[in-house]
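In what follows, a structure is listed as structure tokens, so that the remarks can point back to it.
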Amino acid sequence: ELRIAVLASGRGSNLQAILDAIAHGTLPARVVGVFSDRPAAAALERARAAGVPAWAASPREHPTRIAFDRALFDAVDAARPDLVVCAGYMRLLGEAVVTPRAGRLINIHPSLLPAFKGLHTHRQALAAGVSEHGASVHFVTAELDGGPVIAQARVPVLPGDDEAALAARVLAREHPLLIQTLNWIAAGRVRFHDRTVYVDGAPLTRPLRL
Ligand code: GAR
């Protein structure tokens, strides 16, 4: 049983997908805590409703980024997770907490990385006029949205799409993408070593496709 800590800043639909998959017996894992930089995040309510410990703190009550990250990861570490999942966690994590956790920290990002890092990815995709968009799950490194990608899901960009329509199409694929990736990790099939992702022992040359 994989012990998962989830970091979330908002709505928490990816968290809910994890909780539901565990409840339905399709993910051999346990969410050992949900941690947020936004005390009002709906994700915290979803955690409590599922009987999962929820923790939140405001970055502005800490003097520096490092101080906040330390407080956050003191709480995370106390839950003894095998894996930390950033699921809609909208705050940059500093190198001091990321580097020691290489291979045990993943993020879901709403674009086909390396395209459209950062914020407003759906707006970026529409502005660029791409015909395909999607979501990526990647190992977190100190480089923003730059860590090696494990798996991606693709969706078409359709004529008439606005940001909301495109975001909804991507989100519908994020949930199964995240659950599948977590299942591979729980089964010990995906590892990260020396900046390289290994799947079933072989270096991954391009992201798995879902
Ligand atoms: C998701 O689309 C996730 O990929 C994105 O925020 C949304 C959170 O939704 N994450 C990022 O943009 C990370 N930079 P949720 O709170 O309903 O899971």
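The values are calculated or read from the model by the stated rules, or taken from the named source; none is laboratory data. Only a predicted model underlies this, so the values are computations on that prediction, with no experimental measurement involved. Note: ideal-geometry Cβ built from the backbone for every residue, glycine included; neighbour counts use all protein chains shown.
If you go through the range 123-136, how many residues are touching a Pro at 6+ places or on another chain (Cβ under 8 Å), away from the ligand (no atom under 15 Å from the Cβ) and either assigned to a loop (DSSP other than H, G, I, E, B) or of a type in the set (S, T, Y) (or both)?
1
Being more than 20 Å from A87 (Cα to Cα) and in contact (Cβ under 8 Å) with a residue 24 or more places away in the chain is the filter here, so list the residues in the range 118-139 that pass it.
A125, L126, V130, S131, E132
Please work out if E143 is farther than 30 Å from R3 by Cα and either in contact (Cβ under 8 Å) with a residue 60 or more places away in the chain or charged (D, E, K, R) (or both).
Considered against the rule, which asks whether it is farther than 30 Å from R3 by Cα and either in contact (Cβ under 8 Å) with a residue 60 or more places away in the chain or charged (D, E, K, R) (or both), E143 comes out as no.
So which of A49, A23, A5 ends up being surrounded by fewer than 19 Cβ atoms within 10 Å (Cβ to Cβ), closer than 22 Å to N183 by Cα and out of contact with any Ser or Thr (no Cβ under 8 Å at 6 or more places or on another chain)?
A23
For E143, only one of the following conditions fails: (1) out of contact with any strand residue (DSSP E or B) (no Cβ under 6 Å at 6 or more places or on another chain); (2) surrounded by fewer than 22 Cβ atoms within 10 Å (Cβ to Cβ); (3) on the phi > 0 side of the Ramachandran plot. What is its number?
(3)
Answer with yes or no whether I185 is modelled with pLDDT of 95 or more, assigned to a helix (DSSP H, G or I), among the aliphatic types (A, V, I, L, M) and more than 16 Å from the ligand (Cβ to nearest atom).
Criteria met by I185.
Would you pick out the residues in the range 155-167 that are surrounded by 12 or more Cβ atoms within 10 Å (Cβ to Cβ) and of a type in the set (A, V, I, L, M)?
Correct list: V155, V157, A165, L166, A167.
Which pairs turn up if I take residues in the range 10-37 that are assigned to a strand (DSSP E or B) and look for partners that are modelled with pLDDT under 95 with beta carbon separation below 9 Å, at least 6 apart in sequence or on another chain?
A29/E1; R30/E1
Is there a residue being in a loop (DSSP other than H, G, I, E, B), crowded, with 22+ Cβ neighbours inside 10 Å and either away from the ligand (no atom under 16 Å from the Cβ) or among the aliphatic types (A, V, I, L, M) (or both) anywhere in the range 100-122?
Among the residues of the range 100-122, at least one is in a loop (DSSP other than H, G, I, E, B), crowded, with 22+ Cβ neighbours inside 10 Å and either away from the ligand (no atom under 16 Å from the Cβ) or among the aliphatic types (A, V, I, L, M) (or both), which makes the answer yes.
Pairs please, first residue from the range 84-112 and under 17 Å from V149 (Cα atoms), second anywhere and aromatic (F, W, Y) and away from the ligand (no atom under 15 Å from the Cβ), Cβ atoms under 7 Å, 6+ apart in sequence or on different chains.
A102/F192; G103/F192
When the residues of the range 38-59 are filtered to those that are among the small types (G, A, S) and outside any helix (DSSP H, G or I), which remaining residue is nearest to the ligand (Cβ to nearest atom)?
A41
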